[in-house]
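Presented below is the structure to which this report refers.
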Amino acid sequence: MAVVGGGIAGLTAALRLDLLGHDVEVIEAEGTLGGRFGLDKLGDRRVMTGGKNIGRQYHTFRWFTSELGSDVYESFGYNASRIKDGKVLTLDSERRSQTLRNIRRMGSSRDFARMAGMAARIRADRRNRFLGSRYFSGVSRKHDHTPLSEFFGPEMTDMLVRPMVIRNNGAEPGEVYPGTFGTNIAMLMDHYDQLSGGIQPVLEAFAKRVPVRLNSAVEGLEIRDGKVTGLRISEEGAEAKSSDYDGVVLATPAYATAEIVRSARPALARRLSDVNYFPSTVVLVEYDRDMFTHDVRALAMDDGPCSNAGSYGQEDRHIVRYTYSGREGRLTDLSAENIDRLTGETEERLVKYLGAPRAERVNRLVKHWKAAYSGYLPYHAEFLAEVRRSVTDIAGLELAGDYIQGVSIEACARTGRAAAGRLATHLGSPGNHA
Ligand SMILES: Cc1cc2nc3c(=O)[nH]c(=O)nc-3n(C[C@H](O)[C@H](O)[C@H](O)COP(=O)(O)OP(=O)(O)OC[C@H]3O[C@@H](n4cnc5c(N)ncnc54)[C@H](O)[C@@H]3O)c2cc1C
């Protein structure tokens, strides 16, 4: 079996297939595993420039790390402050009633009722945390003719909806639709931890267990008589060659999956290309002293390119992670001068609003993600059903990734695990498929 993509969706798929006794290898275009965990270095320190907050509700991801024996977590919390009428309003997953009071002050009672109604559905049924649930498919049919910016009033949109979709989708409220908003509310309702040692030890344990082909880009899918027979793979940029496989999981973002299936299934490729993705730039700066306090560890901003400045860890408050996303944060000038200027502007705000000290920058790292997050599609549930129908026609093919259940690490992990389970069921026990 082949799993294409070494992000969390692919890693989870491959681990499950391995546990079920199948011969599986991961094929990854880049030189490292991890995908949008974004492994990198800040000075001598290994850091993550992508996803790193792990919710208490992330059961599949926690299963994955515990299988690999590397699952020590430390609390991080969801803590983001907003400025309203000169006052700092803090939304904190550990202080639910204060957070609820703050949300109530953020919009009309109709908007609060809409938000609370969705939250109640999510609390009552875990499936509503993910894309394609029955309840949110109904919301989609009824409301996806307009984006979130028209579903909620302007105050709620500005104060709460915008920071949520910018943070989770890199998108503006006018670019995301009500039928997918459950994934965002679910993120707000969780409590977050981080892996104490980062993701690197998990990836090392994985690579000891499952064969991995790095620097290998999959260019096409080979199908004969309606059944997957192999992949065309270009290693280290060389001309693509065929490799035979009995089964394939494509655990890649929708636009990359579209390219892989394009020659074999052009209509499916066109549909997959419809899924929206938005960019983001993450700048990590290490200072010579703490920039945040324990109680206020992130500032969400809506009037400039930097949408969020937050401490790297609950105890790593001398490292600040600046996220540029949303329309104004789609940076095109990544020169050192421009990044310095933007960082300086945000530092001024941290000083003004949070009383941060004037600190010296010690190290800096800039990571630009061209397609950081999926923002899905209007009527996304219908899109998913269509894609599912096309894939069911191709024996030995399964899809996983951020556009299927949502962008959270947990949602991606669930799609990988589920895809592996379906593939294993379809192909039967190892050895039965010649
Ligand atoms: C800045 C940032 C912060 C985030 N923060 C959080 C967070 O705190 N918590 C959270 O839950 N989520 C967070 N997310 C979201 C989450 O990290 C991602 O949605 C998730 O990691 C995506 O995993 P994936 O496996 O679907 O895709 P990826 O991680 O993108 O993996 C896909 C892999 O496929 C490879 N690939 C693509 N095309 C090919 C090909 N043709 N051949 C071979 N390989 C190919 C890519 O190189 C990549 O490694 C964040 C995302 C970003 C960008």
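Of everything in the range 99-149 that is part of a helix (DSSP H, G or I) and aromatic (F, W, Y), the residue that is nearest to V161 (Cα to Cα) is F112. Counting only helices (runs of 4 or more DSSP H) wholly contained in the range 318-434, the ones carrying 2 or more residues that are closer than 30 Å to R141 by Cβ occupy 380-392, 409-427. Tell me, please, whether a residue that is on the phi > 0 side of the Ramachandran plot and at pLDDT 70 or above can be found in the range 94-103. Checked against the condition, which is being on the phi > 0 side of the Ramachandran plot and at pLDDT 70 or above, the range 94-103 yields no hits at all. The criterion of being under 22 Å from V3 (Cα atoms) and within 9 Å of the ligand (Cβ to nearest atom) holds for A217.
Scanning for something surrounded by 15 or more Cβ atoms within 10 Å (Cβ to Cβ), modelled with pLDDT of 95 or more and among the aromatic types (F, W, Y), does the range 54-62 turn up at least one residue? Checked the range 54-62: at least one residue is surrounded by 15 or more Cβ atoms within 10 Å (Cβ to Cβ), modelled with pLDDT of 95 or more and among the aromatic types (F, W, Y). So, S70, is that one open to solvent by 50 Å² or more (accessible area, probe 1.4 Å), on the phi < 0 side of the Ramachandran plot and among the small types (G, A, S) or not? No. Within the range 315-340, if we keep just the residues that are of a type in the set (S, T, N, Q) and away from the ligand (no atom under 15 Å from the Cβ), the residue that is nearest to G50 (Cα to Cα) turns out to be T332.
Please specify each residue of the range 179-208 satisfying the condition of being more than 15 Å from R126 (Cβ to Cβ), within 15 Å of the chain's Cα centre (by Cα) and among the hydrophobic types (A, V, I, L, M, F, W, C). Residues satisfying the conditions are F181, L188, I199. Taking the conditions (1) within 25 Å of V228 (Cβ to Cβ); (2) buried (at least 16 other Cβ atoms within 10 Å of the Cβ); (3) more than 12 Å from the ligand (Cβ to nearest atom); (4) aliphatic (A, V, I, L, M) in turn, A385 satisfies each one other than (2).
The helices (runs of 4 or more DSSP H) located wholly in the range 172-283 that include 1 or more residues which are aromatic (F, W, Y) and surrounded by fewer than 22 Cβ atoms within 10 Å (Cβ to Cβ) occupy 254-261. Scanning the range 1-29 for residues that are among the β-branched types (V, I, T) and in contact with a helix residue (DSSP H, G or I) (Cβ under 6 Å, 6 or more places away or on another chain) turns up V3, I8, T12, V24, V26. Filtering D23, D18, D44 for residues that are modelled with pLDDT of 95 or more, of a type in the set (D, E), surrounded by fewer than 18 Cβ atoms within 10 Å (Cβ to Cβ) and away from the ligand (no atom under 11 Å from the Cβ) leaves a single hit, D23.
Picking from residues in the range 127-143 that are touching a residue at least 60 places away in the same chain (Cβ under 8 Å) and open to solvent by 40 Å² or more (accessible area, probe 1.4 Å), the one that is farthest from R321 (Cα to Cα) is R141.
Restricting attention to the range 396-418, does a residue exist that is closer than 19 Å to E25 by Cβ and away from the ligand (no atom under 16 Å from the Cβ)? Looking through the range 396-418, at least one residue is closer than 19 Å to E25 by Cβ and away from the ligand (no atom under 16 Å from the Cβ).
For the range 144-157, the set of residues classified as over 15 Å from A171 (Cβ atoms) and either open to solvent by 40 Å² or more (accessible area, probe 1.4 Å) or not assigned by TED's automatic domain parsing to the domain that holds P173 (or both) consists of H145, P154, E155, listed by residue number.
The values are calculated or read from the model by the stated rules, or taken from the named source; none is laboratory data. What you see is a predicted model, and the numbers here were worked out from it, not measured in a lab. Backbone-built Cβ (ideal geometry, glycine too); neighbour counts: all protein chains shown. Accessible surface is based on the protein model in full, side chains and every heavy atom, while ligands, DNA and RNA are left aside. Shrake-Rupley method; radii C 1.70, N 1.55, O 1.52, S 1.80 Å.
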